[in-house]
Structures are given as C-alpha cells and as structure tokens.
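Asker: The structure's right below; bear with me while I get my questions together.
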Amino acid sequence: MKHTIAVALAATLCMAGAGNVVAKEKPHATVATYHGKDAADAGRALLDIALKQAGKGSWERIAVGRAYYLGGYKAEGQAIFDSVMGAKPEASDMFRIARVYQEAGEWDRAKALFDRYLAAEPDNEKGLAEIGAYYLLHGDRARAEQLFDRSFQVSPDELWATLAAADGYLNVKPEE
C-alpha cells in the first residue's frame, strides 16, 4: 500500500511540475520583423530567423545560404555553405551549392563543385544532363555532350534529363 501511495504521490508531483516548464518557442517572423523597415533590413531580419528555423537541415541551410549569397550578403552565405561542406557533405549538398554559384555567375566555382558531385554520383542521369546543360551554356559543347551521352546511357527515357539537354542547346537555364 505504501508503495502505491508513493508512486501516486510522485506522479502527482511530476504532473504539477510539468505545468511550470516553459515551452521553448520556435523562431518565427512577426510583423515587427519587416513592417516599416527598408527592404534590405527586412530581408536580413527574415533570413536571420530562417537560418534558426532551418536547424541542422543541410538543404534548408543551403536555401538560406542561397538567399544570403544572391541577396548581397555573400560572406554570410559562404559561411553557411562552408559549414555544410565542412562535415563530409552529401553529394546533393554539393550540387545545390554549385547551382548557387552558377546562378551568381561564378562558373569556375560552380564547375569545380559540379565536378566533385559527378565523381560522387557518376550515374545520376538528371544531374549529368543538368550539369551538361551548364557546360553547354558556358561554351563547352564537347564536355556537355559527354555528360549527355552518359546521362542517356543510364536512362534514355528520363524526361528531366532530356529536357535539361534541350535547355542547354536552346540557351535556357535548366529548371531546378
């Protein structure tokens, strides 16, 4: 009987104490984050919150880094990319960061990262074709066609690979 009373008392105390625990509030934007601020300050404030919301997710952090990088805060974006790349990055992380460099007009940086991706994922037909399209857009038709050949050998009927190759020939940036 004493054991039952002790367990019930402990459970009651535990439940009463649980009400005193303050739930940790997740970072979120409020109207004060952006109302009445100039665009750069509002964007920067929202990105600071977005980075907290991204947590440890690499794709999410890369997306935030992209916004910093292309939005004029290259150092902050690069710091995010470096943190993702520092801890044995996934091939898909390399690909996403390379796309940002490509979008920023930094082909040499993009190309180096795309080539690392290709070494890690040599049979990804969509990646091969998209990277081939970027090579074509930058005037390297021979390399582009090597990548298209590999892509179509892996999967000759993959719509997104075919479309990426067509984009390159038509001087259209591949759809992401």
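The values are calculated or read from the model by the stated rules, or taken from the named source; none is laboratory data. Computed from a predicted structure; not experimentally measured. Just the protein is used for accessible areas: all its heavy atoms, side chains included, with ligands, DNA and RNA removed. Shrake-Rupley method; radii C 1.70, N 1.55, O 1.52, S 1.80 Å.
Asker: Under the rule of -39500 (n - 2.57) per DSSP H run of 4 or more residues, summed and divided by the residues of the chain, what mean residue ellipticity at 222 nm is obtained, to the nearest 500 deg cm²/dmol?
Answerer: -23000 deg cm²/dmol
Asker: Just the Cα atoms of the chain: what Rg and Dmax do they give in Å?
Answerer: When restricted to Cα atoms, the chain yields Rg and Dmax of 24.2, 85 Å.
Asker: Using the heavy atoms of the protein chains and a 1.4 angstrom probe, tell me the accessible area per residue for the chain in square angstrom.
Answerer: 61
Asker: Turning to a different aspect of this structure: Just the number, please: carbon plus sulfur as a percent of the accessible area of the chain, 1.4 Å probe, no ligands or DNA/RNA counted.
Answerer: So the carbon and sulfur contribution to the accessible surface is 58 percent.
Asker: Tell me, what is the 1.4 Å probe accessible area of Asp115, in Å² to the nearest 10?
Answerer: 60
Asker: Another question about this same structure. Kindly sort Arg141, Arg66 by accessible area of their heavy atoms, largest first, with the probe set to 1.4 Å.
Answerer: Ranked from most to least accessible, the order is Arg141, Arg66.
Asker: Same structure, new question: In what sequence, largest accessible area first, do Phe152, Phe95 appear using a 1.4 Å probe? Can you show the working numbers first?
Answerer: Working: Phe152 70, Phe95 15 Å².
Result, largest first: Phe152, Phe95.
Asker: Another question, then. Could you give the spread of the C-alpha atoms of region 135-176 along their three principal axes, from largest to smallest, in whole angstroms?
Answerer: Principal extents (Cα only, largest first): 25, 21, 14 Å.
Asker: On a 0 to 90° scale, report how tilted helix 159-169 is relative to the longest principal axis of the chain, with both axes built from alpha carbons and the result rounded to the nearest 10.
Answerer: The answer is roughly 50 degrees.
Asker: Report Trp107's accessible area, 1.4 Å probe, all protein chains in place, as a number in Å² to the nearest 10.
Answerer: Rounded to the nearest 10, that gives 40 Å².
Asker: Asp123 accessible area, nearest 10 Å², 1.4 Å probe?
Answerer: 100
Asker: How do Tyr73, Tyr134 rank by accessible surface area computed with a 1.4 Å probe, from largest to smallest?
Answerer: Largest to smallest exposure gives the sequence Tyr73, Tyr134.
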